[in-house]
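Rule-based calculations on the coordinates, nothing more; no lab input. Because the structure is a prediction, the values reported are computed rather than measured. All Cβ positions, glycine included, derive from the backbone under ideal geometry; neighbour counts span all protein chains shown.
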Amino acid sequence: MFSLRRPDSAPRPEVLVVIGAHRDELAFGDQVAARLDGTRFDLLRIPQGLSGEHPRPDQVALFRQRHQDLYLQLLDHVASHHRLLVDLHCGINQAGYCGDVLCADHRLLDSVAEHASDLDAQVRCISLVSDTRTASRISHLVARPEIPEAVWNRPNPIYVGLEVYLSTEGSGSQQERRFAESLIGCVADCSESLRDRNGQKRLDLK
């Protein structure tokens, strides 16, 4: 069901990028993955993901269960060296490409919000919460994810959902793929910077 790309001789990447959770988005995921540095990013490819179509009313319960099961299986492919899990998706925005970054780690979202302004399209940062009534205490937009909390609400690896909106259906234009690559790189850079900063603080306390 899953396939993992990992260069044999390179240092073990700390970022795991997941593509194909929804099978109709796999073509875009493949194009973006082809642009990523394999020495920096592990790739988890799901060749037979879930349908992106809305299920019929009589299929909703089964679809939700399959959705939960698929995401729990992701944890079986997380290695001890993975610090960040980037779950890549795509949607449609006819007004032009843009992106959403969804994460439960507020510090990482703050950092991404600060640095994403350097990218060539708008990026929204959305905080993942188990209860949307906490929105008044959070500086970002909030969303309650449908995936298991065991996946998105964990300190290691930090889960980041990326939704890249394309102008039309398909595998994306060259510019849209480049934007997705840059957004993944931005999230990874911010994560590394925070980790290095935390390590320095711990060192100073010794």
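What percent do you get for the relative contact order of region 3-204 when only Cα pairs under 8 Å and 6+ apart count? Walk me through the intermediate numbers first.
Details: 339 pairs, mean separation 51.3, N = 202.
Normalised by residue count, the contact order of region 3-204 is 25 percent.
Among D69, D105, rank each residue by its count of other Cβ atoms within 10 Å, from fewest to most, as a rough exposure measure.
Details: D69 11, D105 22.
In order of increasing Cβ crowding within 10 Å: D69, D105.
Specify whether the C-alpha gyration tensor of region 3-204 places it in the rounded, prolate or oblate class, a ≥ b ≥ c being the square roots of the eigenvalues: rounded for a/c under 1.5, otherwise prolate if a/b is larger than b/c and oblate if not.
Working: a/c = 1.25, a/b = 1.18, b/c = 1.07.
The shape class here is rounded.
Tabulate in residue order the Karplus-calculated ³J(HN,Hα) for region 168-173, using 6.51 cos²θ - 1.76 cosθ + 1.60 with θ = phi - 60°, rounded to whole Hz; enter x for Gly and Pro.
Taking θ as phi minus 60°, the curve returns 9, 5, x, 8, x, 7 Hz for region 168-173.
Would you compute, from DSSP H runs of 4+ residues alone, the mean residue ellipticity of the chain at 222 nm, taking -39500 (n - 2.57) per run and dividing by the full residue count, rounded to the nearest 500?
On the way: 5 runs with 68 residues, N = 206.
Roughly -10500 deg cm²/dmol at 222 nm, from the helical runs in the chain.
For a quick check: sort F63, F28 by the number of other beta carbons within 10 angstrom, fewest at the front.
Values: F63 15, F28 23.
So the ranking, lowest neighbour count to highest, is F63, F28.
Can you say what percent of the DSSP beta bridges in region 3-204, counting only those with both residues inside, are antiparallel? Round to 5. Don't jump to the answer; show the numbers that get you there.
Numbers: 9 of 36 bridges.
Roughly 25 percent of the beta bridges in region 3-204 run antiparallel, per DSSP.
Rounded if a/c is under 1.5, else prolate if a/b is larger than b/c, else oblate: which is region 136-200, with a ≥ b ≥ c the root eigenvalues of its Cα gyration tensor?
Oblate, since a/c reaches 1.5 and b/c is not below a/b.
For labels at D118 and T39 in the simple 7 Å Cα→Cβ model, what's the distance in nm?
Roughly 2.1 nm, to one decimal.
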